[in-house]
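Encoded as structure tokens, the structure appears first; notes follow it.
Nothing in this text is a laboratory measurement; each read-out follows from the coordinates by a stated rule. All values derive from a computational prediction rather than experimental measurement. Neighbour counts are summed over all protein chains in view; Cβ atoms, including those assigned to glycine, are modelled from backbone coordinates with ideal geometry.
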Amino acid sequence: MITYIATNTSNGKFYIGSTNNLERRKREHRRTRENYPFNNALRCNPDIFDWQLIEDNSKEPILEQALLDMWFGTEQCYNLNPSACRPRDPTGTTWWTDLESGAEVKSETCPGEGWQQGRNREKIKAMWERNKNKPLSEDRRKKIGLANSGKKRNQESRDKMKKSWKGKKWWVNPEGETCRSTKCPGDGWVLGRFTPPNNHL
């Protein structure tokens, strides 16, 4: 599964998601009729989004949920749902975690006392640490390269981006908030651009 962070380079906001087919998921985001901030921004100007990808062998949106647990509700996160949504398992089962041992099982009902619905977050974070700097497979790189080959920003988009960015620099504060400004926004802010998954897991 591919976990992705789509960052709006004009304001630093990002959307967290996961998919098995990135190009199809991008099309779904652009074509949906729902009035969501991320989808609206993507439809308006897809060229300003930077897509950071992390690929693993999981069939569940584990990394997506770990990131949502950390970033949902913050100013820079576009997501409107705190849960990584996927269709219900056709078998009717769900994950349960033993709070004492951290063991995980899939079951239709709670296995017993001391079990909590959901995945083991410590395992999720450990998996993220193992995979966050792991390069994409050569096959996946070729597919992404072919999907993006020949795509260019039109001149109107280039002019808008150039105008909006002129003289501005990225700033970040200790809370992880970002902004672009010609001068320091205030105490505690330093020059730099924030990268959520690498710096804060």
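Given R₀ = 41 Å, FRET efficiency for E34-E156 by Cβ-Cβ distance, to 0.05? Let's see the in-between values first.
On the way: r = 26 Å, r/R0 = 0.63.
Efficiency for this residue pair is about 0.95.
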Among D139, D56, D50, what is the fewest-to-most ranking by other Cβ atoms within 10 Å? D139, D50, D56
Can you tell me how the range 1-73 classifies by the Cα gyration tensor, rounded, prolate or oblate, using a/c under 1.5 as the rounded cut? prolate
At 0.36 nm per residue, and after removing the present C-alpha to C-alpha distance, how many nm does the segment from S137 to A103 gain when stretched out fully? 9.2 nm
Given H placed 1.01 Å from N in the peptide plane, which residues other than close sequence neighbours of G118 have an amide H under 5 Å from its amide H? W95, W96, T97
Beyond 25 Å between alpha-carbons counts as too far, so tell me which of K13/K162; K13/K160; K13/K123; K162/K183; K26/K183 fall in that bin. K13/K123; K26/K183
For K59, which aspartates and glutamates qualify as cross-link partners when the Cα separation must be under 16 Å and same-chain residues fewer than eight apart are set aside? D89, E104
